[in-house]
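We did not get these values from a lab; they are worked out from the coordinates using the rules stated. Please read all numbers here as calculations on a predicted model, not as lab measurements.
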Amino acid sequence: MSRYIEKVENMTLPALPMRGLVIFPGVPTSFEINNKKSVAAMKAAAMYGGNIFLSCVKNADKPTEKPEMYTMGVVAKLKQSLKLPDGNYRLLVEAVKRAEIAEIVRDDEYPTVNVL
């Protein structure tokens, strides 16, 4: 049985670390964000075509300023963002393809990564 997994070409994308949630390609998923860096990454993705890199955090139970992400994740298309009355954002994303972090470009305002 042949197995083919489609991967993305080299891209530089804003990254969003996911706590307690795994995203799979082809499955629309809704979740909330409230972290300043996560909101900045979402806004950057919305301005530049709507693509964002999503990956799980290694230690999801420990809240840290700079969470360590797994290198494997997905490139997702931001379908909808809604600002809630409490200041959080509800995002609707659909993962397009599997991707892997080649390098972290910067991590000041929001994480930006090069993906393969």
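Evaluated at 37 °C with a viscosity of 0.692 mPa s, what Stokes-Einstein diffusion coefficient in µm²/s does the chain have when Rh comes from the Kirkwood expression over alpha-carbon pairs? Don't jump to the answer; show the numbers that get you there.
Working: Rh = 14.3 Å.
Here the translational diffusion coefficient equals 230 µm²/s.
List the lysines whose alpha-carbon lies under 27 Å from that of K97, not counting same-chain residues fewer than 8 positions away?
Partners within reach: K7, K36, K37, K43, K58, K66, K77, K79, K83.
Under the Kirkwood approximation applied to all pairs of distinct alpha-carbon atoms, what is the hydrodynamic radius of the stretch 52-116 in Å? Walk me through the numbers on the way to the answer.
Working: mean 1/r = 0.0755 Å⁻¹.
Averaging 1/r across every pair of different Cα atoms and inverting gives 13.2 Å.
Multiplying the sequence separation of L82 and V27 by 0.36 nm and subtracting their Cα-Cα distance, what value in nm do you get? Could you put the intermediate results ahead of the total?
On the way: separation 55, 0.36 × 55 = 19.80 nm, distance 1.91 nm.
Extending this stretch completely gives an extra 17.9 nm.
With axes computed from alpha carbons, what is the tilt in degrees of helix 36-47 against the longest principal axis of the chain, rounded to the nearest 10 within 0 to 90?
60 degrees
Want the number for K36 to K58: 0.36 nm per residue separation, take away the alpha-carbon distance, what's left? Mind dumping the intermediate values first?
Values: separation 22, 0.36 × 22 = 7.92 nm, distance 1.97 nm.
Result for the pair: 6.0 nm of gain on full extension.
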